[in-house]
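Down below is the structure, laid out as structure tokens.
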Amino acid sequence: MPREHHHSKRCGIYTHIAWHDIKKILLQKIISQSGYVSTTDWPTHKSEIPLGQVPVLEIDGFQLPQSVSIERYVTKQAKLYSTDDFEAAKTDSVIDTIDELRDANLYKIILKQMDEKLVEKRERNLLEEDVPKVFTKLEILIKNYGSDGRFFLGNKLTWADLCCYEQIIRILKLDPEILNKYPKLALNHEHVEKEPTLAEYIKTPPEASF
């Protein structure tokens, strides 16, 4: 059975904590075990990991590295990724757009471990430059790809919606009113939160660090 390995949150290393917990809820029958490696133990286990980095998804003894590869695999298993090539390409275009914001967030994490003033400056840049640029693009995509405004692809939940949800909850920690400027994303966020499979996650969300 598959199991997933991550660094402990105590390491201060970015591991898509929120997305990881969403995956656990959606894929309870797919991911049987999730493990965290502490900073102290990491040097001992690093050589056991293919690329010397986490996360990895272990399936019958084989370890699959890279976050996006893991995400794509588990969402396919959960039927959240289209089997139609063009629909899948639309999903990928949403993910690629969201990744522009993920990259900006990752830069912020690195700064957070260095200088508080740089973090404050980066937060301002994130909210004033990165978020408006990416959220505007996402509003265009949900209008072009969705059928009724609730989801990015057609009228059902997909990987694209979950990735967008993950980034939005992180941004809301910095600006709780940010979605007032983006009605299409606000509607999407509202409907993703209503998905029964995410109910437990919504009740007790993990402390997601940038």
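No value in this document is a laboratory result; all are computed from the given coordinates. None of the values given here were measured: they were computed from a predicted structure. Methodologically, a virtual Cβ is constructed for each residue, glycine included, from the backbone with ideal geometry; neighbour enumeration extends over all protein chains shown.
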Need one number: nm distance between label points at GLN63 and LYS173, each 7 Å from Cα along Cα→Cβ, rounded to one decimal. 2.7 nm
Given the pairs LYS90/LYS137; LYS76/LYS184; LYS76/LYS181; LYS133/LYS173; LYS156/LYS181, which are separated by over 22 angstrom at their Cα positions? LYS76/LYS184; LYS76/LYS181; LYS156/LYS181
Roughly speaking, what is the centre-to-centre gap between segment 135-155 and segment 53-90 when only Cα atoms are used, to the nearest Å? 22 Å
At 7 Å along the Cα-to-beta-carbon direction for both ILE140 and LYS181, put a label point, then send me their distance in nm to one decimal. 1.7 nm
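Given a Förster distance of 22 Å, report the FRET efficiency between LEU127 and GLU100 from their Cβ-Cβ distance, rounded to the nearest 0.05. Can you show the working numbers first?
Numbers: r = 15 Å, r/R0 = 0.67.
FRET efficiency, LEU127 to GLU100: 0.90.
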